[in-house]
Every structure is written in C-alpha cells, then in structure tokens.
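Engineer: Below: one structure in structure tokens.
The values are calculated or read from the model by the stated rules, or taken from the named source; none is laboratory data. Please read all numbers here as calculations on a predicted model, not as lab measurements. With ideal geometry, Cβ positions are generated from the backbone for all residues, glycine too; neighbour counts draw on all protein chains shown. Note: accessible area is taken over every heavy atom of the protein model, side chains too, but ligands, DNA and RNA are not part of it. Shrake-Rupley method; radii C 1.70, N 1.55, O 1.52, S 1.80 Å.
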Amino acid sequence: MKFWRSVVGKLWMTIIGLVACVLLFLGIYLLPYIDSNFAHPNDIKRLFIYTSIIGFSLTTFFAFFLFTKITQPLRQLKEAAVTITQGDYTKKVEIRSSDELGELSKTFNHMAEELQYVIQDLHQEKEHLFSILRSMTDAVITFDAHGNVLLANPHGQANLTSWSSIVWEDEDDGAEKISVPGPLRSLYMKVLSEATEVTDRILVKQEVWSVVMGPLYNSDRVRGVVAVLRNVTQEVKLEKLRKDFVANVSHELRTPLSMLQGYSEALLDDIVSSPEERKELVQVIHDESLRMGRLVRDLLDLARMEAGHMQMHWGQVHVNEVVEKVIRKYTVLSNERDIKVTAECEPELPILERADEDRLEQVMTNLMDNAFRHSQSGEPIVIRTEYTPAQHYEEARVWIHIQDHGQGIPKEDVPYIFERFYKADKARTRGTASGTGLGLAIVRNIVEAHRGIIKVQSELGEGTIFSIGIPVAPIFENSLIG
C-alpha cells in the first residue's frame, strides 16, 4: 500500500497541510500587515488571539476528521465482534476507505464468513454424531472424572432412568456422591485408576448386559469415561439353549444307542437261549430304532421350519373334517387306554381359505399324543372347535381346543413348554411310549407358519387346554415358507 493512502500518511499530510496553511497565512497576509499597521503591543496581542482561535478551530476540525476516519470504524469493528460472540455471523462492517482500516474491515468480514462456514460444518458434524448415537441400539453413556453424566444417547438415558430407582447392595457413602450406576462403579473406578479399556458382563434385574468401558483423555490425563452397554440377555439365553440342545440330543440318543448296542451284543454272543427271548430282544431293538428315527425326523422337520424352508401345501381346509380324521386315528388307542375322546364341533364353521391340511393334522396329532401321555385311564379328552368373527383389530379366526384332564403343567413351566426338549414332568421316564421332546416346538412353528396363535391354560392336577387360532383368510407376506 502506498504511504499517502495509509492512516499515518493521511495524518501526516493533514498536519503538514494545516501547518502550511498557518505559515502561508502568517507569511503572506499577517507579517506585512503587522509591520505596517500594528505598532502598539496590544494590537499585536489581539492579532495573536485571533490567530489562536483560528488554530483551535482547525485543530477541532482535525479531531472530527480523525473521529470519522479512525474512531468510528474501530467502534463498528468492536460492535461486529460483540455480535459474532453472540452467534450472529451475518454482521458486516462497512468499508469506508482503502487504507489499513479498510483492509482491516475487509479482513474482518472475510473472517466472519469463514467462521460461519466453520461453525456450520461443526454443527453438521455434531448433528451427524448425535444422529449416530440416537440410532445406535447400544446404550452409550459418558461420565466425567467426578462421576457426573456428560452425555447419553436415548438408550443410555433410559438405562440411567431405569437403574436410578434401584438400591444397590454394595452402595456406600462415597459411591452415593457420583451418578455412575451401581453395577458400573467398579469398572468405572478401574478405568480411571488404570487408564485402560475394560470389558465385562453385568446382571441387572434379570438382564445380562455386556459393558465396554474406555478412558477419555485430555492431553496426558484421563478426563472421563465412556461406557457402551448392550443387552445380551437373548444371546445368553440362546447360547444356553444351544448348549442344552446339544446335551439333550446326546442324552436322548444315548439311551436307545446303549440299548441297541447291548441287545445286539447279546444276540451276537448267543446269550439268548430261547426263540421267545431272541424275538423280545429283536423287538426292543426295532422299537428303539423307530424311536431314533422319530427323533431324527422331528429334528430335521424342526430345523427346516426354523430355517424357513418348511414345505407347505396351501388350500381350503374344513377343520371339522380334520378333527374327525384325528379322532378316528386314535380310536384303537382310546379303547386300549380307556380314555374317551369326544368332539364338540361348531356346525357352521367357516372354511379356512389358505391352510395346510396335513400340517394341521400333524399339529392336532402331536397335541393328542401329548394329551394321551399325560392322561390316566378314565380321564376324557375333548376336542372343540369354534369361530370368532373379526372385531376391532382382531381378524376372524377358527379355534381348535384340545383339553385333557391329566396331571397339568406347573405355572412356572408354562412359558417354556414350547422349547425344544423341555419337559415339565422332570421325573417322567423315557420309555418307548415317551415323546422326543420336540412335539410342542413343531406345533408352535406350524401354527406360526399359518400366522396363527397358540395358547395354553393349565392347572396342576386338573388338566391342560391347548388353544390354536388360525385366521380364516390370512394375509401372507413374502417368505421362504411355501
């Protein structure tokens, strides 16, 4: 920038011009006038007073010039800076000159624009991170070094609210001063003291939580802790079911395999002395092989059902006809066991528009087998059908109720009876007439494939009622079943 366009240059030129004007005025007009016309000292004093007044006026004018050119732009810059600190980045400073103040105003406006862009980017990044936290299914909670909650996503806040009402057994006076929930306090203190990431599982209100806790750093010190919590209750249950499934399959197969091996060795060693004993051993081997076949078949069916590859043959089904067919199937067994099987069918029952007759027969067969196994001689079994029309948000359904008057199911076992290999009667022996423990699991999968409902009502010592509700005209979604 050229010197005479700068503020210093303008001040210098202004002062030089002012001095030049005074000197020129004195030199040209006053000095000859003083020599020729002012011989008395008072007149000369009066002249200098007038000159002083003129100089003061010029100085005042110069002061207003400085105020206009320098002070006002600086005040505008100050007001704009205050506005920016309040969050308004649209404030612009008026550019009045091309000197340093003008360049400063231009730079200030550019800085405000760039700062606005940076703040917008930071705000978008913050919203992006908040959106990620909000959409996470895991609970994320951040604590400071004093145990206060700094940040929590919705799932984390829900956990804090739910756990705040719990009184923890290991709570002491020092622990009450921090907001870290009881189960997390030991992990929190460990992370703060060791500045390392820890992973553990905690049990809260019958729920299992996987916790990953890591330190937050500020320069070279730990300023807080971030905790990520995931509810793994279902995974733990599934893992337990998997282990139980392997153990149960091994247990179910071990008994028939042992009998097959023992009886076959007896036949090979020619221990049997009579044809009747030999026939009895062969019959046991045959029965056990059939039992193993049923177990393997049920396992394969259940695996296909749970994988969504169950073959279904959809069509119209008359439920009453299926009930009659099932009752005829159990006529011989009913007479042998002295267990009367009766049907109470609603005569005007609607036709199921889309159902698999064979699968529904399999459902009723499994439930009837279950009823016979838990019924004694003289205890009747009743199959009832009824129709419930559509109302509110419930669709029209045809219900099949199978009621026995056997030993019943304990209330604590009812929620688990549809699990694989779960047996409410822990003392029941595994004879040839016992089931594989998979019948009710298969029933549930078939009913769910029909978009149906299955319910259980049972009183210990009074019997059990299994109720199956199949939609009359269900809306099937696209699936692998079919």
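Engineer: What distance in nm separates the simple spin-label points at ASP200 and ILE132, each placed 7 Å from Cα in the Cβ direction?
Structural biologist: Placing both labels 7 Å beyond Cα along the Cβ direction yields 2.8 nm.
Engineer: A further question on this structure: Net charge near GLN316, counting Lys/Arg +1 and Asp/Glu -1 over other residues with Cβ under 13 Å of its Cβ? Present the calculation step by step, with values, prior to reporting the outcome.
Structural biologist: Details: positive: ARG354; negative: GLU321, GLU353, ASP356, GLU357.
Charge balance near GLN316 sits at -3.
Engineer: Give, as a single signed number, the net charge of other residues whose beta carbon lies under 15 Å from the beta carbon of ILE119, with Lys and Arg counted +1 and Asp and Glu -1.
Structural biologist: Working: positive: LYS91, LYS126; negative: ASP88, GLU113, GLU114, ASP121, GLU125, GLU127.
Here the count lands on -4.
Engineer: Students often get this wrong, so check it: of LYS411/LYS455; LYS237/LYS411; LYS329/LYS455; LYS205/LYS240, which have C-alpha atoms separated by over 22 Å? Kindly include the intermediate steps, with their values, before the conclusion.
Structural biologist: Details: LYS411/LYS455 13 Å; LYS237/LYS411 20 Å; LYS329/LYS455 24 Å; LYS205/LYS240 19 Å.
Violating the 22 Å limit, Cα to Cα: LYS329/LYS455.
Engineer: Could you work out the percent of alpha carbon pairs in region 94-172 separated by over 15 Å, rounded to a whole number? Kindly include the intermediate steps, with their values, before the conclusion.
Structural biologist: Numbers: 2262 of 3081 pairs.
Result for the distance tail: 73 percent.
Engineer: Let me ask another. Highest mean first, what order results for 362-368, 274-280, 290-296 on Cβ atoms within 10 Å? Walk me through the intermediate numbers first.
Structural biologist: Numbers: 362-368: 21.6, 274-280: 11.1, 290-296: 15.3.
By packing density, highest mean first, the sequence is 362-368, 290-296, 274-280.
Engineer: Roll a 1.4 Å probe over the protein heavy atoms and report the accessible area of TYR117 in Å², nearest 10.
Structural biologist: Counting only protein heavy atoms, TYR117 exposes about 120 Å² to solvent.
Engineer: Using 7 Å Cα-to-Cβ label points, what is the ASP358/ARG337 separation (nm, one decimal)?
Structural biologist: In this crude label model, ASP358 to ARG337 measures out at 2.5 nm.
Engineer: Taking a label point 7 Å from the Cα of THR233 along the Cα→Cβ vector, which residues of region 199-213 have an amide N closer than 17 Å to it?
Structural biologist: Residues passing the 17 Å test: 201-211.
Engineer: Okay, moving on. How long is the gain from GLN457 to LYS411 if the chain were fully straight, where each residue apart is worth 0.36 nm and the alpha carbon distance is subtracted? Let's see the in-between values first.
Structural biologist: Values: separation 46, 0.36 × 46 = 16.56 nm, distance 0.94 nm.
Result for the pair: 15.6 nm of gain on full extension.
Engineer: With θ set to phi - 60° and the Karplus curve 6.51 cos²θ - 1.76 cosθ + 1.60, what are the ³J(HN,Hα) couplings of region 333-349 in order, to the nearest whole Hz, using x for Gly and Pro?
Structural biologist: Here the 3J(HN,Hα) series is 4, 4, 5, 5, 8, 6, 10, 7, 10, 10, 10, 10, 9, 6, x, 8, 7 Hz.
Engineer: Would you kindly state how much longer the chain becomes between ILE95 and ALA266 on full extension, computed as 0.36 nm times their sequence separation minus their alpha carbon distance, in nm to one decimal?
Structural biologist: Residue separation times 0.36 nm, minus the Cα-Cα distance, leaves 50.4 nm.
Engineer: Within 11 Å, Cβ to Cβ, of ARG384, how many net charges do the neighbouring residues add up to if Lys/Arg are +1 and Asp/Glu are -1?
Structural biologist: Working: positive: none; negative: GLU344, GLU346, GLU386.
With Lys, Arg at +1 and Asp, Glu at -1, the net is -3.
Engineer: In addition: At 0.36 nm per residue, and after removing the present C-alpha to C-alpha distance, how many nm does the segment from GLU113 to VAL284 gain when stretched out fully? If you can, show how the numbers build up before the last one.
Structural biologist: On the way: separation 171, 0.36 × 171 = 61.56 nm, distance 9.16 nm.
Computed gain between GLU113 and VAL284 is 52.4 nm.
Engineer: Round to the nearest 10 and report in Å² the accessible area of ASP244, as given by a 1.4 Å probe over the protein chains' heavy atoms.
Structural biologist: Accessible surface of ASP244 is approximately 60 Å².
Engineer: Which whole-number percent gives the relative contact order of region 203-343, counting Cα pairs below 8 Å spaced six or more residues apart? Could you put the intermediate results ahead of the total?
Structural biologist: Values: 71 pairs, mean separation 17.6, N = 141.
Once normalised by length, the contact order is 12 percent.
Engineer: Using only the Cα atoms, what convex hull volume per residue in Å³ does region 296-365 have? Present the calculation step by step, with values, prior to reporting the outcome.
Structural biologist: Working: hull volume 7.5 nm³, N = 70.
That works out to 108 Å³ per residue.
Engineer: Counting other Cβ atoms within 10 Å, keep those with at most 12, restrict to DSSP loop, and tell me which GluC sites (Glu not before Pro) in region 315-387 are left. Provide the component values of the computation, followed by the final result.
Structural biologist: Working: sites: GLU321, GLU324, GLU336, GLU344, GLU348, GLU353, GLU357, GLU361, GLU386; in loops: GLU348.
When the GluC sites (Glu not before Pro) of region 315-387 are filtered for loop state and at most 12 Cβ neighbours within 10 Å, GLU348 remain.
Engineer: Also: Any idea how far the Cα center of region 102-119 sits from the one of region 336-385, in Å?
Structural biologist: 84
Engineer: Tell me, what is the 1.4 Å probe accessible area of LYS91, in Å² to the nearest 10?
Structural biologist: Accessible area, nearest 10 Å²: 90 Å².
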